[in-house]
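Just so it is clear, none of the values below were taken in a lab; they were calculated from the coordinates. Here the structure is a predicted model, which is why all the values come from computation and not from measurement. Backbone-built Cβ (ideal geometry, glycine too); neighbour counts: all protein chains shown.
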Amino acid sequence: MFTYSTACHVASRAYSLCGRFIFIWGVAVTLGACASLKKGPIGFWSRNRFDASKGQRHGPWCEYFDAAEQQIANKGRYRHGTPVGRWRSFSPSGQLERKEQFHWRPRGLATLTYYHPNGQVEKTGQARYQIEPTGARFFWFGEWRCFSPAGQTLPSEWYQDGEKIIAPLEMGNQGTTTKRRSNVD
């Protein structure tokens, strides 16, 4: 028997399907129109864009080794000219060379991981990214843990303002200076 509730259900189902079709059609028309623009679509999904106020890199960013954009060189995101979040850098053969994680707080701090050609971690540590009047400055600092191509731990390297230094000394229990232990297995 055909009741009022059945009629309402059929009508709402038809409206729902029609509404979905109209929404999908609207999205397709919008994206098609955007694709025909000379600069491509503009939105949060767009890549390699510049902000309107200062002309700085902003949003998702990809760079390629070739003009056909088949061999990716690096991939990440900028916020008003400053790299933010997770970045990946690749070799021309497409192998991962480096990961960079730019932290929001403290600003300018980055954790880097370099890889051996076989895919094993080569070294990992921290760096600082500073914008100065003369330009951007990127330098390593602190302890950098090193690994062999087989994945075995090697002695750590220490950096201060981008310069490699001898392992720092720390105070022992009796107030004497002792050399920090290296990470050798």
**Q.** Relative packing of 71-79, 144-152, which averages over residues the other C-beta atoms within 10 Å, highest first
**A.** 71-79, 144-152
Q | Estimated distance in nm for a label pair at Gln70 and Ser93, the labels positioned 7 Å out from Cα along Cα-to-Cβ | A | 1.8
Q | P(r), alpha carbons of segment 49-179 - 5 Å bins starting at zero, rounded % | A | 2, 9, 13, 17, 19, 15, 11, 6, 3, 2, 1, 1, 0
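Can you tell me which of 118-126, 88-96 comes out highest on packing, and rank the rest after it, using the mean Cβ neighbours within 10 Å?
118-126, 88-96
For Ser53 and Leu154, what does the FRET efficiency come to when R0 = 35 Å and r is the distance between their Cβ atoms, rounded to the nearest 0.05? Please list the in-between numbers first.
On the way: r = 47 Å, r/R0 = 1.33.
Once rounded, the FRET efficiency stands at 0.15.
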Q.
Per residue of segment 101-110, what does 6.51 cos²θ - 1.76 cosθ + 1.60 with θ = phi - 60° give for ³J(HN,Hα)? Whole Hz please, x for Gly and Pro, Karplus curve as stated.
A. 10, 8, 8, 6, 10, x, 4, x, 8, 9
